[in-house]
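Everything on this sheet refers to the single structure shown next.
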Amino acid sequence: MKIRIGFEMVFSCEHLTPMILTLNVHSSHAACLLSPDQIITDPPTALSGYRDIYGNWVSRLVLPPGDTLISNDALIFDDGEIDPIQPDAQQVPVQFLPEEALVYLLGSRYCETDLMADEAWRLFGNGPTGWHRVQAICDFVHQHISFGYEHARSTMTASQVYEARAGVCRDYAHLAVTFCRCMNIPARYCMGYLSLIGEPLPHAEADFAAWFEAYLDGEWHVFDPRNNKRMIGRIPIARGRDATDVSLSNSFGNTVLNHFLVRADEVSDAA
């Protein structure tokens, strides 16, 4: 199937303001693009790019004073299958993990393993291991947190959302990632597009989504504690330790986001 992906954001600033954006489809899915995944600015602004230490594509620009529209409109192929399920996937002992996975066992800005370790072992230490342990973590987080955009707070950490019992998709992901790391399962935070293909109408307003990947049996596997089910049309943009590493935008000066729109919709073959 074809999925139309893209976004529109309008930023306002009073002075020249440097900014970095993490908004392009991840390299793991770049071959599926059917049209250029190009960031457009209005007024036209020079962009340059680089690959960060996690393999994400990051764009650099300097916003002029006033309003700047930043947008993208692309087509991408998706196989139409739900997220894969591998219930027999086993946990890899820490001593046998590859070096590149070890960083995803450590605490990070939003995932305070030092504060949550005792609670994680209390909750999950006597349960199943491997895939089923990660799914038990997702089940718990899904039930523990009440979703609502009114609960969104950019400074919310895993321990804080555990106490508050309310948050948005990034908070679900941060808490689940933290629990996994406490149980010696490497887990990395993911952000991207998530279609609502196959979901009953009416659909909620589209937004970027957060989920995570757990390292089991030598591979990274998708888990989504916010929805807590396998979905169709999951298109990653960035992966990292937590939301710090995959922020959509970082501005180095005062900016205001005046408009925000995301799309991830199935289109007909004739489109």
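Among the GluC sites (Glu not before Pro) within region 151-214, which fall in a DSSP loop and have no more than 10 other Cβ atoms within 10 Å of their own Cβ? Could you put the intermediate results ahead of the total?
On the way: sites: 163, 205, 213; in loops: 205.
Passing sites in region 151-214 are 205.
Let me have the relative contact order for the chain, percent, based on Cα pairs under 8 Å that are six or more residues apart. Show your work: numbers first, answer last.
Numbers: 589 pairs, mean separation 81.9, N = 271.
Value for the chain: 30 percent.
Roughly how many whole Å is it from the C-alpha centroid of region 213-244 to that of region 53-68?
25
Between residue 258 and residue 143, what FRET efficiency follows from the Cβ-Cβ distance if R0 is 41 Å, with the result rounded to 0.05? Display every interim value, and only then the final one.
Values: r = 36 Å, r/R0 = 0.88.
In this case the efficiency is close to 0.70.
Once amide H atoms are built 1.01 Å from N in the peptide plane, which residues 5 or more positions from residue 237, or in another chain, come under 5 Å H to H?
26, 191, 192, 193
I need the calculated FRET efficiency for the pair residue 47 and residue 205, taking r as the beta carbon distance and R₀ as 35 Å, to the nearest 0.05.
Working: r = 28 Å, r/R0 = 0.79.
For R0 = 35 Å, the calculated efficiency reads 0.80.
With θ set to phi - 60° and the Karplus curve 6.51 cos²θ - 1.76 cosθ + 1.60, what are the ³J(HN,Hα) couplings of region 88-105 in order, to the nearest whole Hz, using x for Gly and Pro?
For region 88-105, the Karplus curve yields 8, 5, 9, 6, 9, x, 3, 5, 10, 6, x, 4, 5, 8, 5, 4, 8, 9 Hz.
Could you work out, for region 94-240, what percent of all Cα-Cα pairs fall into each 5 Å distance bin, beginning at 0 Å and stopping at the bin that holds the largest distance?
The percentages, shortest bin first, are 2, 10, 20, 24, 22, 13, 7, 3, 0, 0.
Taking θ = phi - 60°, what integer Hz values does the Karplus form 6.51 cos²θ - 1.76 cosθ + 1.60 yield along region 132-140, in sequence order, with x for Gly and Pro?
5, 5, 5, 5, 4, 5, 4, 4, 5
For every helix of n ≥ 4 consecutive DSSP H residues, a contribution of -39,500 (n - 2.57) applies; sum these over the chain, divide by its total residues, and give [θ] at 222 nm rounded to the nearest 500 deg cm²/dmol.
Values: 5 runs with 52 residues, N = 271.
Calculated from helices alone, the mean residue ellipticity at 222 nm is -5500 deg cm²/dmol.
Counting Lys and Arg as +1 and Asp and Glu as -1, each charge on the Cβ, what is the dipole of the chain about the Cα centre in debye, to the nearest 20?
Numbers: 19 positive and 34 negative charges, 73 e Å.
With Lys and Arg at +1 and Asp and Glu at -1, about 340 debye.
The numbers here are math on the coordinates, done by the rules we state, and not lab data. All of these numbers come straight from a predicted model, not from anything done at the bench. FYI the Cβ positions are ideal-geometry reconstructions off the backbone, even for glycines, and counts take in every protein chain you see.
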